[in-house]
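The values are calculated or read from the model by the stated rules, or taken from the named source; none is laboratory data. What you see is a predicted model; the values in this text were computed from it and never measured. Cβ placement follows ideal geometry from the backbone for every residue including glycine, while neighbour counts extend to all protein chains displayed.
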Amino acid sequence: MNSHLRRSFALAGVAALLSLSACGTDDDAADTEANDDVAAEGNGDVVAVTESSLGEILVDGDGMTLYLFTVDEPGVSNCDEDCLEVWPPMEGEPEAGSGVNADLLGSTEHDDGTVQATYGDWPLYYYAGDAAPGDLDGQGLNDVWFVLDADGNAVEGTPADDAEDADDDDDDGGSVY
């Protein structure tokens, strides 16, 4: 089996599992252990800018990619409990790292008292499918999850290294999530 086909099967499996509990669905299934690992890895104190295949984007102090949810309102998270299992918030009061406009940093408080970092009034999230610094696996999911640029705008492009799979379809034209 060639490496492209193996990669396609692996991505399809991961996407199928994660999409069961992603925002926009009512399913409760989620791999909370993996989500806890992502949240534990994140450095909730620092927001920085790094270069990626999408251009300059926001990351935390450990280099983990940060995302916005276009369904959110300024300073208000609309990601519910099931959603937060797949898209854990960047918690705490953020500090400006390299390339960040400190005036765009802020925070919002959830009903449960959790403080979530914001940038340009967008609540910031991690994606449970991103396993390592620089991963962009949440980019464009469900057409509502996007990385942010240094100005706090959604970057709606497709990562260059995944350009051949940009249609999110398997080889038979079916959706992989």
ask   = Considering only residues of segment 55-105 that are assigned to a strand (DSSP E or B) and among the hydrophobic types (A, V, I, L, M, F, W, C), which is surrounded by the fewest Cβ atoms within 10 Å (Cβ to Cβ)?
value = 76
inquiry  = Checking the condition under 16 Å from residue 154 (Cα atoms) and assigned to a loop (DSSP other than H, G, I, E, B), which residue from 137, 112 passes?
reply    = 137
message = Can you tell me which condition residue 100 does not meet? The list is (1) over 14 Å from residue 150 (Cβ atoms); (2) among the β-branched types (Val, Ile, Thr); (3) modelled with pLDDT of 95 or more, and all the others hold.
response = (1)
task = Would you point out the residue of segment 74-107, among those that are among the charged types (D, E, K, R) and in contact (Cβ under 8 Å) with a residue 12 or more places away in the chain, that is nearest to residue 127 (Cα to Cα)?
result = 85
